[in-house]
1. Give the lysines reachable from Lys342 as a straight Cα distance under 28 Å; neighbours fewer than 8 places away on the same chain don't count.
2. If you bin every alpha carbon distance in the range 173-323 into 5 Å steps from zero, what whole percent lands in each bin?
3. For a quick check, take a GNM of the chain with Cα springs below 10 Å and name the residue from Phe73, Phe309, Phe273 with the largest mean-square fluctuation.
4. When the Cα centres of the range 105-148 and the range 62-82 are compared, how far apart do they sit, in Å?
5. Using a 1.4 angstrom probe, figure out how much accessible area the chain has per residue, in square angstrom, rounded to the nearest whole.
6. Return the calculated 222 nm mean residue ellipticity for the chain, to the nearest 500 deg cm²/dmol, obtained by summing -39500 (n - 2.57) across DSSP H runs with n ≥ 4 and dividing by the residue count.
7. At what distance in nm do the modelled label points of Ile97 and Val363 sit from each other, each positioned 7 Å from its Cα along Cα→Cβ?
8. Among Lys96, Lys153, Lys58, which one shows the highest mean-square fluctuation when the chain is modelled as a Gaussian network with alpha-carbon springs under 10 Å?
Amino acid sequence: MMSRSTLGTTSLQRLKIPLRAVYASIRNESSESFEKINRDGRVQRPIFVAATKQHIGKTSVSMALLSGLQKRFDKVGFIKPVGQQHVPVQSSKNEKICVDKDVCLMKERFNLDHIDYEDMSPVIIPRGYTKKFIEGKITYEDQLDKINNSFRKVNNASDVVLCEGTGHCAVGSIVGVNNAKVASMIGADMVLVANGGLGSAFDELELNRVLCQQYGVRIAGVVLNKVLQSKYEQTQTYMAKALKETWGVPLLGCIPDRPYLGCPALMDLEVLFNTSLITGKEHRFRHYSVQQINLVTTSLTRFLENLRFKPCRTLYISHVTREDLILGFMAEYQRRKAVDDKPFEAALLICGRKDKYELSPEVLDMINGLEGAPVMLVEHSTHEAMQKIHNYTPKFNTADKDRVTKAVEHYEPFIDFEELLRRTTSSNSSFNEPGTITLDDLKTV
């Protein structure tokens, strides 16, 4: 740990210290005490996951890694050193604390009972945090102490530790705790996650690799996510070759795209629009793709035809003034229920700007009396609602168990865990094992 005298007097001054000298020192002093000896007598370093940008699939990859590691180790630890979006939880001391939402997901989904919530999310950056840091109300040393102390506890209780970063490697730089810096401090090897493609994906990876190099962080490998099925073999072959020839780093995983995992459930729309389903709450985990969203502007007759003959799982969006469509939706649901026809999986979003358009009390009473059909009232125009849904990227949560399970089942088989563990247990001076191919030779493959 660096002393206060070394770090200077203000948070901003601390950020100006020459990086290579400082972080070579940090890595040597801190990481050695965090090293774990595995059952084969090899040093197992922590594994840090960061992405090239937001909405890449970092949490999906982290869940798959955690699942795979649990099949290979007795106790797998998890920590998100720096988080942003947070949720309240009950700590082991029976105190209400806030942790990053991904920490809550990982602990509950993977039964991480051997570690405590308070050690899994040491630094949270809510609104206003950055200003307080610049003003000196939050100190650089306190952040490092929290991360170090929490990581030490998780590490001591685990055989291997998986760390999830926040966004790309530079996120957190303004408060002095970006992902690359934290990975260096705890002696972790980095797994970089990028979206499928070749040129643009490699360019984004290079920006993050340079920052890792600046802080002396080894890159264990790359996971390429959301790769189009039509270009899967081409992308896998050429990205693997490019990474080996340019960096001497393996492609640890190439994950084919599965659009379902990016489709919002009705529960996600409740969060997006800050509302709740009026009816059909039992269908909150039903997912709808962008292709399954239909803005209704037609006549009632044509709408009823669509309800009966188009794909049954469709999210219809209607304006609050189209009471004929609202009543038609409810009537078709009741008809389908009475004749026990094909399943009714449609949902209805009723849109209308607040204080300008309102649903009549009589129609609202009728909706409340309808059990089963999902209906949601949204205080936005139909155009605004459509736009928000199209721009929305749903995130995993503990309640949507089916989506979490499907994500793990989809991602895990495509990750090379043996190579990942070989890379993260190789000697400190090189990724290459004694007697195996050298880094220079690897670059010529």
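The values are calculated or read from the model by the stated rules, or taken from the named source; none is laboratory data. These numbers were taken from a predicted model, which means no experiment stands behind them. We place every Cβ from the backbone using ideal geometry, glycine too, and count neighbours over all the protein chains shown. To get the accessible areas, we keep the full protein, side chains included, count just its heavy atoms, and leave off ligands, DNA and RNA. Shrake-Rupley method; radii C 1.70, N 1.55, O 1.52, S 1.80 Å.
1. Output for Lys342: Lys281, Lys310, Lys401, Lys406.
2. 2, 8, 13, 13, 11, 10, 10, 10, 9, 7, 5, 3, 1, 0
3. Checking each option, the largest mean-square fluctuation is seen for Phe309.
4. Rounded to whole Å, the Cα centres lie 19 Å apart.
5. With all protein chains present, the chain gives 46 Å² per residue.
6. Working: 19 runs with 188 residues, N = 445.
Mean residue ellipticity, 222 nm, calculated: -12500 deg cm²/dmol.
7. Computed distance between label sites Ile97 and Val363 equals 4.9 nm.
8. Top of the fluctuation ranking is Lys96.
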